[in-house]
Each structure stands twice: as C-alpha cells, then as structure tokens.
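Worksheet: the structure to be examined is printed underneath.
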2 protein chains.
Amino acid sequence: MSDQPVDYHPMWAELGLDLPTHDALLGAVGQLFGDAYLTQENRPEGMGYLNFVMSEVHGLRIKELDDYRKSGGKVFGTFCLYVPEEIIRAAAGWCVGLCAGAEFAYDQVEQIMPRNTCSLIKSFMGFKLAKVCPYIESADLVIGETTCDGKKKAYELLGDMHNVYVMELPQMKRDVDMAMWRDEIRALMAKVEEVTGNTITAESLKAAIKEVNDKRRALQRIAATRAADPAPISGKDALLATQVAFYDDVPRFTQMMNALADELEARVAAGEGVAPKGAKRVLVTGTPMALPNWKLHDIIEKAGAVVVGEEMCTGSRYYQDLVSEDAVTLDDMVDDIAEKYLDINCACFTPNQGRLEDVVRMAKELGVDGVIDYSLQFCGLYEMESNAVEKTVRDAGFPVLKITTDYSMEDVGQLSTRVEAFLEML
Amino acid sequence: MSDQPVDYHPMWAELGLDLPTHDALLGAVGQLFGDAYLTQENRPEGMGYLNFVMSEVHGLRIKELDDYRKSGGKVFGTFCLYVPEEIIRAAAGWCVGLCAGAEFAYDQVEQIMPRNTCSLIKSFMGFKLAKVCPYIESADLVIGETTCDGKKKAYELLGDMHNVYVMELPQMKRDVDMAMWRDEIRALMAKVEEVTGNTITAESLKAAIKEVNDKRRALQRIAATRAADPAPISGKDALLATQVAFYDDVPRFTQMMNALADELEARVAAGEGVAPKGAKRVLVTGTPMALPNWKLHDIIEKAGAVVVGEEMCTGSRYYQDLVSEDAVTLDDMVDDIAEKYLDINCACFTPNQGRLEDVVRMAKELGVDGVIDYSLQFCGLYEMESNAVEKTVRDAGFPVLKITTDYSMEDVGQLSTRVEAFLEML
C-alpha cells in the first residue's frame, strides 16, 4: 500500500452519501475515538488492528463491500442479533451492522417519528435520512426484526426509503414459538437465496456455522481473560471488539481477535493488566451499545474502575452461545441455528428469566464489585425489565446502579458524579 | 329496590380495597362524569341506562360479580380486544375490563416502572398498587397479551401481585401467524376450562358467539346512526357505550343498547340531533380511551363540534367485525374466532395497512370534516404509526390534527386552543 492516503470521496459520492455532512461526521467520530481510546495507557498491542479498522471504518471496509458487490456479491444490513449471519454467509452474502450509535439529524428524524423514541432507532433513521451511513447505502437488503415496538414500526418507515425485509421474532420461548421461529429462519433462507441467486447447501451452511462459531470462540477467549485481576484489557477495548464483530470480514477478524486473545492470555499469565490490581470491577447489563456509543464505559473507566463484562447484545449475548456443529443434514443445521438464536435472552421475550440468570452468573464468574444496569431512555423493554434486574442482582449480593441515558453528551457530568459515588460505595 | 342507598363498603373491604382512597376515587370520577356528561343537552333517553351503570360502576356491577363468584362462577379480567370474550363465556366465565383510564398512584407506579410509560399502563398498575379497582380484585384470572412492549413487561410485574395468564399475539398477519394464533386460542380455551372447571362445547361456544355478536350488532346500529347530520348522539355518549361494553352483563347491555339504537334511528328519521345540523364532524383515531378517559371528546364537543366515530379499540375496532355464525363443529368455531380477532387492526401489527384503510373508509362513510389522530404519550406503536395515518388521511382529502397527550388535566387549556383552531380551519 502506498503512503498516499486513499481518497474515498468518489466512492462515497457513488453510494449517494452527503459528502460535506459525512466529512463532518467522520471528523466527530475520529475525535470521539481519540478522546476515549487513544488516551488509554497500557493497551494490548492487538488493539492496533481495531484502531486501524476504526480509522478505515467508512473507508477500506466500504471499499471491500463495494468491490464485492461489483463482482456480483450481495451485502445484507442488519440491526439485531436475531438475524443469523450463518444463513447469509451460506449463500455467499456478506452481513454488516448498520450505523446507529450517535446522535445525527434528529431534527429530520423527529419529523417522521416521535421525539420519545430511543436513541438507537432515532440514530439509524438519522443516518439514513442524512445519507451518512455507507453501510446502509451498500446494503442490497436490510433485514429487520420485530424485537421491539419502535424498531417494528421504524422498519415500515425505512421501507419507504430502502429495500427492507422483516423477520418476525416470537415473544415467548415455548415449543410453539420455536416451531414458528424455525419457519421464520427457513423463510429468511428463501429470501437470501433469492437476493443472492445462490442456493444454500449442507456444505455451505456447515462451513458458515463453523466460520461464525470461530468468530464467537475468539470473542469468548477475550471475554474469559477479563475474569483476571488485574483485567488484561479495558472494557472499552473489549466493547470495541464486539462492536467491530458486526462489520468486519469474518475470517480476518477472527484471526486478529485470536491474536489479541493470545496476547491477553499471556498478560494474565504474567499478572499484567490495564488497571491496577484491585481496581473496582464492574459488569454492565442492558441495551446494546452500537458503535460509536462508548459513553458509559468511558465514564466508568475514567473514574478508575474497569468494566469486565457486558451482558448485552454488544457483549455476551453476541458470543456466549455457539450453533451446534454436529448436524449433517441441511434441515438439522437450520434447526440448530433456530435453537441457538432463540436462546438469546433479549428483554423482548416474556418471561425473560434467562437474562436474570446470565447477569448473576456473569457477576460471579467475573468477580465484580458492582453491576450497572444501563437503559437507553424510551427503550420500554429494558427500562421496564430493570426492576427485576435490580432486585435479582441485589438479592445475589451485588450493589447495582441504574443508569438511563441517551446518546447526547449533555449528561456526562451528571452521570460521572453518579458513577463515581457508586464506585466509592463499593 | 328500596330508596335506601346500599352501602357497598363491606363488599369493597372484603375485596381488599383501600376504602378511604377508593372513596376519594369514586368522588373524583363522579365529578368528572357530572362535568363531562350531565352538562350535555338533548341527550337520548336511552343514555339513562348508562348514567345508571356509571353511578353503580363500582357498586351494583361488582355485587353481581361477587354473587356470581360466591355461587361458583369465575371472573376474568382483560385489558385488550384480542382476548376473545366468546371463549370465556362458553365456559360460563364472565369477562370484565380492568380499570385503566385515570391517573392514580403514579408515585407508587414509578417506583417499579419507568416514568416514560404510557398512561394506560401506569394507570392499571396504579389502580392495582393503590387497591382501588374492584374489577381486578374480583378477577380470578387476568388475561394479558403481548400487544406492546409496555404491557408485555407490565404483566410480568403484575404477575408478582395477581394471577396472570399471557396470550402471545403474532406481530404479522400471514398464514403462519394465523396458524400460531389458532393454537393460542386453543391454549386459552384449555386455561379457561381449567379455571372454570367447565368444558367448552360446540353448543356453549355457538351460544357465546351469538351473544357477543349480538352485543356488537347493537353497537353497530348505534354507530350507523352517527352518519346522520345532525348526529343523534354525542361522541361522548357513544364512547361511553363502547367503554361500558367491556364491563356490563352481556344480554342486558345488548338489550339496552338496542333500545338506545331504536331511539337514535327514530331521531335520525325525525332529523333530530344533539348538535345543530352542520356542526363540524370529527373522526377520532388512535389509542384506546379506557373508562373514564373522556378528555379529548369533551374538549372537541365543548368546542361545538361533534365526534361521529372512533377508529380505536374503544370504538369501531371493538364492534365492526363479527365472528361467523356458520360453523357447526367446535374446531371450526375456534378457527372463526381466531380469524375475527386477528382481523382487528392494531398498530402492534406490521404492516398495518388495514387500519389506514379503515380510517379513510370511516371518514368517508361518516362524512367527517376532519380527523384527529390521538396518541397517548409514550405509546410507541400509535405515535410511530401516526406518520402514516396523517399522510394517508391528508392524501384522501381530509384535514388532520395530531394530538399527543396523557391522562393529566394540565394540558386541557392548550389542547382546547389547538382543537378550536383546527375546527375553525375546517
């Protein structure tokens, strides 16, 4: 590669981005990343890869998607864990997350949806309306899901602007729900085959299951090292790894995360860490933190504590379970996929006892001093469930702090004060 | 009946109500009813029955439920149209709506659920926590449903305080959803049979279908007269009829509503109305208005207009469709019930094109001058769908006003100003 920086503006223009606004966005995200990430001390060497990914998040990666599409490949954009990447990859599709982690163009968003909508939904709609997300503009199909009222209705609005397909997620986990969900996965297969023009076979699905499991295994290795005291990696860096997992090339990402895990395991063996041994250890649980939402982790870690786990979709829910690799027939593989995905404990299910068990188990395994229950304001599901989370966590003997916030930076001072007071109490 | 008023306090005490708080509530509702209803001029004689029902809403009706339960009968409390009354009645259960239309004990509610929850949900929880709803205290089983994020999670909280069973509603209306919904109705049947100890037979279900259809037919007759100019009944009175339909004894209510319909039809034939011919005619669409939520109708009609239709769960969605009466076997009847109920066009479905068609059809059939789209604040579904409603209604040539409010009376002045400005523009 030459030293001359590549000018991606022609590619962004071809995708239809609003170039001046997009330049401003990249500048802001770069600044945010610098402040939150590059100020950290004693980071693992392996984070160099994620720094590079971030520096090229709208550049090189989009170029790869662009090249793939020009060679006949198809790209699928998703917003949610419940869309099985295995199915997409088995038809030679590429799966990418969509931009949703920053306040953008809310003035335009509030013309078509209520102000009282959670930041994640307002954000994805803002990125679309302002034409600043190269991922959604690269997506041949956006695959939505009926996980919450807000997203369910937002996909209807998005459907006026983009090619959208919506999967229906059941709301309980009984046998009848599993049966319905298996059908839903099969319907998605048919849709993905139609869009890609490729047939999913037992061979291709088996390979895709292995490949995505390998990605999860690499993230599991990283997660496991965080049980050590001192923690070998900051919560911010570990969060970034999960966030990037939604966007990056799968085999490359897996390889780089295994290299990072090697380094973290060596650090643990040597008793090395990012924060001093004995630093307060925090588990964060709640609504997903989409890239570049690093706000809470940044506050916690700048206050001297270390986040050692995330019980969230950008955390353990993403990687804790694998799809069985035992199946031989296509049908059995699809059933295994359905089962793994329905096992995810999102607050959209009723009841959702599994999540409460996960939080307590993680708090114990990771040896945390306290739990922070994080809700995006107007996320009715997680806000409503936090009553049970707090009660369960307290009953298990862990102090808990409930934080409700959004993507704005206006409450950072106030949140810092609350977090510091909580940490002092631990 | 003697002239001596009955003292229901012993009955309320037996139900576990908080007597002083409940007395205060009844006083407030009585005052509200007086101000909104008894100040109306030229009301149909038939409204005398509904005045009486309201005066005894926590009295005589609760006594009836109490007597029924003491004779071995079972009472089922519901919050939503999707719970089929036919199934409950076919097992000799009685079905009642639950209190949810007034601000009550929000201080207690906000200790267990977010402040940003819609009034309807906060209200039902407030009535339960403050022990002032004799309907829920009379319910052997509360039957909830997964219609929205808020209710879905609120039933988990309610489950800690009451006997609750939750039906899973699909989120789309495809064949697979209908299949799932049929199973769900059958699961409800089994539950209702278990609670009542009675078996549902083809005979009992056929009779229940006929009985509930008759109730809907009576309400359809009333609704049809509202197409006349002048309208023979105020919107407030028609709304009250639908609200009471959730609570009252079915055959008695049907008989009284048919008598009211007779009177209204005679009024129409004679050209008599409640407002002058030519008064502005308004269709209201949106979130349900649970008893005693009369706020918007009162504002509209005190401004000199008349509400001639409600496209809402406390309106046309309640009575516009009937269950087919053709089926002979129990299985076919259950399928007919599933079909009728899945036809209801709630914003919880995606897509929900049927609702848009209903609104426009009603606006035309009722000859309205304008449409008011009513959302409860924090009701993500209806707030989100209002973008499509407004666009569709405007495209069909009707002016539309969007109102977002809650159960407080603080914004009545501001809403009145907005409604008056809208009516002047028509």
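The values are calculated or read from the model by the stated rules, or taken from the named source; none is laboratory data. What you see is a predicted model, and the numbers here were worked out from it, not measured in a lab. All Cβ positions, glycine included, derive from the backbone under ideal geometry; neighbour counts span all protein chains shown. Ligands, DNA and RNA are stripped out before the accessible areas are found, and what is left, the full protein with its side chains, is counted by its heavy atoms. Shrake-Rupley method; radii C 1.70, N 1.55, O 1.52, S 1.80 Å.
Listed here are the helices (runs of 4 or more DSSP H) enclosed by the stretch B:39-118 that have at least 3 residues being over 30 Å from B:Gln377 (Cα atoms) and open to solvent by 20 Å² or more (accessible area, probe 1.4 Å): B:47-55, B:60-70.
For A:Ala231, indicate whether it is away from chain B (no Cβ under 14 Å) and open to solvent by 10 Å² or more (accessible area, probe 1.4 Å). Before the answer, list the steps.
Values: away from chain B (no Cβ under 14 Å): yes; open to solvent by 10 Å² or more (accessible area, probe 1.4 Å): no.
No, not satisfied.
Of all the criteria given as (1) away from chain B (no Cβ under 14 Å); (2) surrounded by fewer than 16 Cβ atoms within 10 Å (Cβ to Cβ); (3) over 13 Å from A:Val334 (Cα atoms), the one not satisfied by A:Asp175 is (1). The set of residues in the stretch B:119-134 that are in contact (Cβ under 8 Å) with a residue 40 or more places away in the chain and surrounded by fewer than 24 Cβ atoms within 10 Å (Cβ to Cβ) comprises B:Ala130, B:Lys131.
Taking the stretch B:191-202 as the range and being assigned to a helix (DSSP H, G or I) and more than 26 Å from the chain's Cα centre (by Cα) as the test, the residues that pass are B:Glu194, B:Ala202. Taking only the stretch A:267-297 into account, find how many residues are within 26 Å of A:Ala388 (Cα to Cα) and within 23 Å of the chain's Cα centre (by Cα). Total satisfying the criteria: 15.
For B:Lys210, are the conditions met, namely being touching a residue at least 60 places away in the same chain (Cβ under 8 Å), under 19 Å from B:Val323 (Cα atoms) and open to solvent by 60 Å² or more (accessible area, probe 1.4 Å)? So B:Lys210 passes the test.
Only one entry of B:Val359, B:Val412 meets the criterion of being crowded, with 23+ Cβ neighbours inside 10 Å and modelled with pLDDT of 95 or more, and that entry is B:Val359. Can we say A:Phe253 is open to solvent by 10 Å² or more (accessible area, probe 1.4 Å), within 18 Å of the chain's Cα centre (by Cα) and among the aromatic types (Phe, Trp, Tyr)? So A:Phe253 fails the test. Say we look at the stretch A:12-24 and pick out the residues that are more than 14 Å from A:Leu129 (Cα to Cα) and without any contact (Cβ under 8 Å) to a residue 60 or more places away in the chain; which of these is most open to solvent (accessible area, probe 1.4 Å)? Across the stretch A:12-24, the extreme among qualifying residues is A:Glu14. In the stretch B:240-262, the residues that are aliphatic (A, V, I, L, M) form Cβ pairs under 6 Å with partners that are open to solvent by 10 Å² or more (accessible area, probe 1.4 Å), at six or more places apart or across chains, as follows: B:Val244/B:Val53; B:Val250/B:Glu211; B:Met256/B:Tyr49; B:Ala259/B:Gly46; B:Leu260/B:Gly46; B:Ala261/B:Arg221.
Taken over the stretch B:139-171, the criterion of being surrounded by fewer than 19 Cβ atoms within 10 Å (Cβ to Cβ), out of contact with any Gly (no Cβ under 9 Å at 6 or more places or on another chain) and either closer than 12 Å to A:Thr146 by Cβ or within 10 Å of chain A (Cβ to nearest Cβ) (or both) is satisfied by B:Asp160 alone. Would you check if there is a residue in the stretch A:369-389 being without any contact (Cβ under 8 Å) to a residue 40 or more places away in the chain and acidic (Asp, Glu)? The answer is yes, given that some residue of the stretch A:369-389 is without any contact (Cβ under 8 Å) to a residue 40 or more places away in the chain and acidic (Asp, Glu).
Restricting the stretch A:352-368 to residues that are without any contact (Cβ under 8 Å) to a residue 40 or more places away in the chain and aliphatic (A, V, I, L, M) leaves a set whose member that is farthest from the other protein chains (Cβ to nearest Cβ) is A:Val360. The residue that is nearest to A:Cys348 (Cα to Cα), among those in the stretch A:376-402 that are within 8 Å of chain B (Cβ to nearest Cβ) and touching a helix residue (DSSP H, G or I) at 6+ places or on another chain (Cβ under 8 Å), is A:Leu381.
When the stretch A:170-183 is filtered for residues that are in a helix (DSSP H, G or I) and either free of Cβ contacts under 8 Å to residues at least 24 places away in the same chain or in contact with a Cys (Cβ under 6 Å, 6 or more places away or on another chain) (or both), the ones remaining, listed by number, are A:Asp175, A:Val176, A:Ala179, A:Met180, A:Asp183.
Matching residues to (1) out of contact with any strand residue (DSSP E or B) (no Cβ under 9 Å at 6 or more places or on another chain); (2) farther than 24 Å from B:Gln111 by Cα:
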{"site": "B:Val142", "(1), (2)": "no, no"}
{"site": "B:Gly150", "(1), (2)": "yes, no"}
{"site": "B:Ala154", "(1), (2)": "no, no"}
{"site": "B:Asp160", "(1), (2)": "yes, no"}
{"site": "B:Asn163", "(1), (2)": "no, no"}
{"site": "B:Val166", "(1), (2)": "no, no"}
{"site": "B:Leu169", "(1), (2)": "no, yes"}
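With respect to A:Leu188, is the statement that it is within 14 Å of another protein chain (Cβ to nearest Cβ), assigned to a helix (DSSP H, G or I) and buried (at least 17 other Cβ atoms within 10 Å of the Cβ) true? Answer is yes for this residue.
Screening A:Arg317 with (1) surrounded by fewer than 20 Cβ atoms within 10 Å (Cβ to Cβ); (2) within 27 Å of B:Leu157 (Cβ to Cβ) gives one miss only, at (1).
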